[in-house]
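Read through the structure below, which is laid out as structure tokens, and then see the notes.
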Amino acid sequence: MKHIIGAKPPSDRTGAAPAPAARMVEVDEDSAGQRLDNFLIRHLKGVPKTHVYRIIRSGEVRINKGRASADTRVELGDVVRLPPVRISDKVAEKAERPAPAREFPILLEDEHLIALDKPAGVAVHGGSGVSFGVIEQLRQARPAARFLELVHRLDRETSGILLVAKKRSALTHLQDQFRERETGKTYLALVTGTWPANKKVVDLPLHKYLQADGERRVRVTTADDPDGMRSITLVKMRSTIAARQAQGLPAMSLLEVTIKTGRTHQIRVHLASQGHGIVGDDKYGDFDLNKRLQKLGMKRMFLHAWRLQFNHPATGERVALNAELPPELSDFLPPPDKA
């Protein structure tokens, strides 16, 4: 059986089931400036992206009665025609089963943005085998909020500062800052071994690829690789931790890591490429060590988005936020005098 969404049935006094009619949606202030494909994805919840692009190409979607492409920007007051779209029982059931409402620790909130402290183990959004993430849970917890969108992303295993925009103007302003590298993003990472104090910059291109099982991976590549993307990571040694022989743990280094480019898995791959993988990293780390750490209660990757600096999208003032290490990470570190 198929379900029809994105449409409303016209009135029919004959008693016969009427054919579903298209729905006309006027673009409001929060949606102005959004790409048409993203606008449709928000309004046609549960509809696969491939289908969204198909109805755009076919001309079933119209802006002010005219055809438009996926990258067309909708403007305030535009009238968008949403055709009736058929989806399967499975997709309809998923769309009707919303994410559980959840609030997260707030570091800063005003009428323009939310800065929250994301826990490890929670994806920032649904997809790739994850039915929901931070943004879906936050929207459920705040049904009256007209606009909530992720400004940037963090890996599921990474904890720390995450920005959510409450207005489209704030979203575009903040994303422009991330794109132009005007933000300051510093992480705390615990790595195996003693990081060389004079090693302060890792400037190596990264190449994304898929494994045979479809898992996404990243590796360091050469400068002449056409698919390689220049990636720059700055590293500052914070402290060293002596080997803990009784627990079978090697020497470790706590690093402050600032990324100048925001590539997928950049910090994890750059540090591992230098022979100092992040403790607990299940993709690029020391797998035998990870097993020993889990028995000691360390069940996650030691990577935390600790500091974020940006210009406020409304006032232009420089904002500096800090999220302290969560207990499961800070408790693993020895007291400062024993490090």
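The values are calculated or read from the model by the stated rules, or taken from the named source; none is laboratory data. This structure is a prediction, so every number in the text was calculated from the model and none was measured. Ideal geometry is used to build each Cβ from the backbone, glycine not excepted, and the neighbour counts take in all protein chains shown. Just the protein is used for accessible areas: all its heavy atoms, side chains included, with ligands, DNA and RNA removed. Shrake-Rupley method; radii C 1.70, N 1.55, O 1.52, S 1.80 Å.
Values computed for the structure shown
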item	result
Hits in the stretch 17-66 - residues which are over 26 Å from the mean Cα position of the chain (by Cα), part of a loop (DSSP other than H, G, I, E, B) and under 13 Å from L82 (Cα atoms)	P20, S58, G59, E60, V61, N64, K65
Positions within the stretch 55-69 being small (G, A, S) and surrounded by 15 or more Cβ atoms within 10 Å (Cβ to Cβ), in sequence order	A68
Per-region count, the stretch 156-201, residues modelled with pLDDT under 95, farther than 19 Å from T315 by Cα and among the small types (G, A, S)	1
Residues being under 19 Å from G126 (Cβ atoms) and either open to solvent by less than 20 Å² (accessible area, probe 1.4 Å) or touching a residue at least 60 places away in the same chain (Cβ under 8 Å) (or both) - total across the stretch 35-54	6
Subset tally (residues that are under 16 Å from the mean Cα position of the chain (by Cα), open to solvent by 10 Å² or more (accessible area, probe 1.4 Å), hydroxyl-bearing (S, T, Y) and within 19 Å of D282 (Cβ to Cβ)) for the stretch 156-211	1
Scope the stretch 124-153; condition crowded, with 22+ Cβ neighbours inside 10 Å and under 25 Å from S330 (Cβ atoms); matching residues	V134
Selected residue (only one of L271, L308, L293, L329 is of a type in the set (A, V, I, L, M, F, W, C), in contact with a Gly (Cβ under 8 Å, 6 or more places away or on another chain) and under 20 Å from L116 (Cβ atoms))	L308
Of all residues in the stretch 248-274 being among the polar types (S, T, N, Q) and either in contact with a helix residue (DSSP H, G or I) (Cβ under 8 Å, 6 or more places away or on another chain) or open to solvent by less than 50 Å² (accessible area, probe 1.4 Å) (or both), the one that is nearest to E215 (Cα to Cα)	T264
Scan of the stretch 287-314 for residues that are modelled with pLDDT of 95 or more, under 20 Å from L271 (Cα atoms) and in a loop (DSSP other than H, G, I, E, B), ordered by number	R300, M301, F302
